[in-house]
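See below for the structure under consideration.
The values are calculated or read from the model by the stated rules, or taken from the named source; none is laboratory data. What you see is a predicted model, and the numbers here were worked out from it, not measured in a lab. Reconstructed Cβ throughout: ideal geometry from the backbone, glycine too, with neighbour counts over all protein chains shown. Only protein heavy atoms, including side chains, enter the accessible area calculation; ligands, DNA and RNA are left aside. Shrake-Rupley method; radii C 1.70, N 1.55, O 1.52, S 1.80 Å.
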Amino acid sequence: MTYTLENDLCRVSVNSHGAELSSFIRKSVDERAELEYMWQADPAIWGRHAPVLFPIVGRLPQDTYLHNGHSYKLSQHGFARDREFALVRQTPTQLRFELRADEQTRAVYPFDFLLAITYQLHDRTLTVGWDVQNPAADQDLLFSIGAHPAFRCPILEEEEKFEDYFFHFDHPVTFERHVLEGGLLNCQTEPVLHEQTELPLTYPLFEQDALVLKHYDFTHITLRSFRSDRSVRMRFDGFPYLGLWTKGEGAPFVCIEPWHGVASSIGEVQELSDKEGIMTLRPGKSFSANYDITVV
């Protein structure tokens, strides 16, 4: 099922499958009746819009982890993106979805959990909130969670190309990428920017998969064009990791991915509790985080 939030400026659609944001339309832009900002999930290129990454972010060595003496298989980014969520709240400005542990999830992830995802629309800004709860009486919940929204790039596909776009930062930034190899971190880094406010987009920038950032010092990033005023701005306070990604040469989208978690490093299968970015939630406790998407 697809559910909609709408105001005078924008219309947002969310699919209960994966609780996935599937559309963010701004009304009446540049003499257009409406303009879509989200990638429309062409399966020939990449068949997702904005999957929620849970209970892991990234890949595990051999897609496997250990816990309490047992070995479990868990594919890249976890299972939440492929599960049906229950709609538990719908108002003119808010949608809230929930996913709970069941026999199917426990077969690959032996934990009780409640994952709630909330979408709230105000003017041209969508706030996406996550609430993770540990309902277990005597077991810690080990998890990561991340966002993976894909934005059309170019936004004005008839008038622009991918290389007309760049990431804009609110102040000069310096950061390096942590290099992926086969979906796993290979413990190498490469410099990306040094005291600059713009990162021009090119397909060669993503030849080695996503740009994975750690220890960065910004909380906003804006996808902008050299040729138009259209843009998408994301706010992600408190997220320790960030991914920037597109599928490959010619893919007309780019992802801005704030994460509480990150891919594993190349090596042996390890305990889930030892995986970088895994958080521990005590029985009866909860974790919350949110980020904003603003369209211009």
How much of the accessible area of segment 1-151, probe 1.4 Å, is carbon plus sulfur, in whole percent?
44
Once the other residues with Cβ under 11 Å from the Cβ of V254 are scored (Lys, Arg +1; Asp, Glu -1), what is the net sum?
+1
Apply the a/c threshold of 1.5 to the C-alpha gyration tensor of segment 1-126 and tell me whether it is rounded, prolate or oblate.
prolate
In whole angstrom, how far apart do the alpha carbon centroids of segment 172-223 and segment 1-67 sit?
23
Please list, or write none, the lysines whose alpha carbon is within less than 28 Å of the alpha carbon of K275, excluding same-chain residues fewer than 8 places away.
K73, K214, K247, K285
As an exercise, identify the GluC sites (Glu not before Pro) in segment 151-198 lying in DSSP coil whose Cβ has no more than 14 other Cβ atoms within 10 Å.
E157, E158, E159
Take the Cα gyration tensor of segment 218-276, multiply each eigenvalue by 5, square-root it, and list the three semi-axes largest first, rounded to whole angstrom.
30, 16, 6
Could you tell me the relative contact order of segment 1-118? Use alpha-carbon pairs under 8 Å, at least six residues apart, and round to a whole percent.
20
In deg cm²/dmol and to the nearest 500, what is the mean residue ellipticity at 222 nm of the chain if only DSSP H runs of at least 4 residues count, each as -39500 (n - 2.57), divided by the residue total?
-500 deg cm²/dmol
To the nearest Å², the heavy-atom accessible area per residue of segment 1-120 with 1.4 Å probe amounts to 45
Of the accessible area of segment 238-296, computed with a 1.4 Å probe and all protein chains kept, carbon and sulfur make up a percent value of 45
When all alpha-carbon pairs of the chain are counted, what percent fall beyond 33 Å?
22
